[in-house]
Structure formats: structure tokens, C-alpha cells
């Protein structure tokens, strides 16, 4: 990219100098104008992020934007570790939380392509203990406290339900009902406290929050997908992803446990939320997990993840190697909600098999194209793919508070306004 002298001077004045360009970019680089983007307009990303870093909103970030298969923007800002004064670099490793989910979903669809499972399969085929989970009927107890009764499920939970979050499973941390109180709080909690077998056993002891297929409810569904991948493949989820996805894509820094030699590259969040002042943390993936949870326990870099995103944008192919069939990617990125209640989804969006999918140009509160799809992580990471514009963006930051939602809207706006053809 051509240097932006004014912005570089601003960064230096704030003590936030731009790190040197990485020696090996994750995709072939391009001058933004060569792929229909404005370098000047992309420069607004730096201006806004540097101002936020200087104001203590986030410690730092890495942003990668690719269009037409070429890297139009790839920059690191601020600090990897602000307290220690360590500058952010493009090879910084982040805990990506729920951005693990799309990779786990791809793993299941690879097994589907081999005829080893079908998305219409009932979960009982792989985990008999989950076959007859009852469904909660919420009520208030005689003591005035939240309680529940149960009724039988009207149909079996399927792998498709798990992939699109209509299984009836939830996260314990997403509500205060009597059902939420007996669920594992999150994917990260499950990964650090339960083995895969203990995780399945725990779910078998609780009711579903909703009848399968009736409502989109974000929760532990993709963690169950990961355990099915393990059972069908005979490998740990990490081993399967390493062999079938991470190694073929050259995702050298993506894993479920960051090896000792890379510990210093792990980003630190600000110690306290900038709005509430409360302490905040991210999952420390320098420590081994009990379960390689498919819903939220991977670590990655912006460079690694944009290679994964580019493979999806290219409908299953990357640099001449095919990992998924085009029809499989099309199937995954279609809206799978049908008649299910989607009120918990953002306006203007449906949900596919691992991604939220934009349904039309309008309605949603940010610019975009019908068919674009995305997902983010609870610690501040986020990505989206726009097939119509042949573009993908990855944003990596450790900003685990509610402010992360602001940066999803912000980056969407700043990247889309830089498209000029």
C-alpha cells in the first residue's frame, strides 16, 4: 500500500507507530485502486482506530481486507500488550471465541461430502444420551423463584438444528431463567472445565430451552457439532482441523492451544472495560483445554483467518486446492431458518450453517449486499464475506465488552465506503 503520510504522522504523534509490513502477506497484495477500492478512503480505518486507541477504547487491532483475491489493506494498530508497551504486529495471536464456529461447521460439512453423515441426521445417531432431551416449560415457583416443568420434544434434534442454532440448546450465561442456571455458561467454560464426554453427559442432564426447529437460540450447539466430528472422524477436533483445514490453507498460527514458543505473540485485553470499569479477560489459550470446543476455543491471526475466509469466498477452493465443493459452500451460506422464529437475529439477517446471512440490501442497520455473511467472537474479533463484491474483511482485537458490537458496525461501514467501482 502507498503510505498515508498524514495518518502516519498522527500515529507517531500519539506514540502508536505503524509496525513494519509483514514479510509474507497471507494473500497476494494489491494497490487498493487495482481492485476497485480507494486507498484514501481505506485510510479512514487508521484514523478512527488510532483515535480510539489513543482514547483507551481498545488496546490495538489488526485489520485485513481482500478484494478479488488480493490483499488491499493489511495493517496493525496500537498495542499487543498496552501495559507492557508492546506494539501490535500483524502476526499477533488472538482468542477468536465464536469465530471457531465457522471452522467447526466446515469440518462437519467435509464429513457430509464424504457421505459419513447427513445434516438431516438426528443427534441420537451419534450421541444416544442426547436423543430424548425433554423441553422446558418455564414457570414461576410457589416461592416466587424461576422454575420449570418439562415436556417431551416434538421431534428429534438434528445436525442441521445444531449448525443453524435451532436445537433448543442455550448458553447458561445468556439468561437468568431456571434453565439457564443449570447450563454450562459458555463454550469457553465448557472447554476449560469439561472433557468431551463430560460435556455430553452434562447436556443429557438438562432440558432444552425450546422445541427443536422452532427458534434461533445461540448456545452450545456448535460445541456438540465438534463432538460429532470427533466421533465420526475418530480424531480430536483439533487434529481433524489441522489435517483437513489449517495445514492445507497454511494457517500456521491457528490452534486450540498456543505453543510455548508463541506465547509472547498472544494479545492482551485492557485490564478493565472502558465503559464500566469492570475487570475483563479473554480465554487464555496458552493453557491446555480439557475439551477442544468447537463453539469458541480456537486461537488465530488475521492473516490465517483471511485465508480461511478467502477459501469460502472462492466457494471451497484456495490457491488451486479444493477443500469443499461449491454447492456445499452455497448450501452453508443460504438462509436455513425457514419458519423458525428468528427474532433473536439482527434485523435483515437469517442464518445458515455457521454464519448469519444478509437477506436484502435494506432493513439491516449497516451497508452491505444480499448474501453477505459473517460471524464474530465474544472477545472482539469479527469477519465478513461479501460474494457480490468479491470481498472479505477480518478484524482482530481483544475488546471483550459490549464495545465489540460497535467495531463490527464500524468496520463494515469503513470498508464498504472504500469500494469505488
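The values are calculated or read from the model by the stated rules, or taken from the named source; none is laboratory data. Given the structure is predicted, the values throughout are model-derived calculations rather than measurements. Glycine gets a Cβ as well: all are built from the backbone with ideal geometry, and neighbour counts include every protein chain shown.
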> Which condition breaks for residue 77 when tested against (1) more than 19 Å from residue 311 (Cβ to Cβ); (2) not assigned by TED's automatic domain parsing to the domain that holds residue 254?
Replying inline: (2)
> Can you find even one residue in the range 304-319 that is surrounded by fewer than 16 Cβ atoms within 10 Å (Cβ to Cβ) and either more than 19 Å from the chain's Cα centre (by Cα) or at pLDDT below 95 (or both)?
Replying inline: yes
> Is there a residue being more than 25 Å from the chain's Cα centre (by Cα) and either surrounded by fewer than 17 Cβ atoms within 10 Å (Cβ to Cβ) or in a loop (DSSP other than H, G, I, E, B) (or both) anywhere in the range 85-93?
Replying inline: yes
>> Residues that are farther than 18 Å from residue 73 by Cα, touching a strand residue (DSSP E or B) at 6+ places or on another chain (Cβ under 9 Å) and in the same structural domain as residue 329 (by TED's automatic domain parsing), at least 2 per element: which strands (runs of 3 or more DSSP E) completely within the range 352-393 meet that?
In response: 356-358, 373-376
>> Could you go through the range 51-59 and let me know if any residue there is crowded, with 17+ Cβ neighbours inside 10 Å, outside any loop (DSSP other than H, G, I, E, B), at pLDDT 85 or above and assigned by TED's automatic domain parsing to the domain that holds residue 410.
In response: yes
> Taking the range 184-197, which residues are in contact (Cβ under 8 Å) with a residue 60 or more places away in the chain and surrounded by fewer than 20 Cβ atoms within 10 Å (Cβ to Cβ)?
Replying inline: 192, 193, 195
>> Looking only at the range 271-301, how many residues end up being within 29 Å of residue 75 (Cβ to Cβ), in a loop (DSSP other than H, G, I, E, B) and in contact with a strand residue (DSSP E or B) (Cβ under 9 Å, 6 or more places away or on another chain)?
In response: 11
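Consider residue 286 carefully, then state whether it is free of Cβ contacts under 8 Å to residues at least 40 places away in the same chain and in contact with a helix residue (DSSP H, G or I) (Cβ under 8 Å, 6 or more places away or on another chain). Break it down into steps so the answer makes sense when it comes.
Values: free of Cβ contacts under 8 Å to residues at least 40 places away in the same chain: yes; in contact with a helix residue (DSSP H, G or I) (Cβ under 8 Å, 6 or more places away or on another chain): yes.
So residue 286 fits the description; yes.
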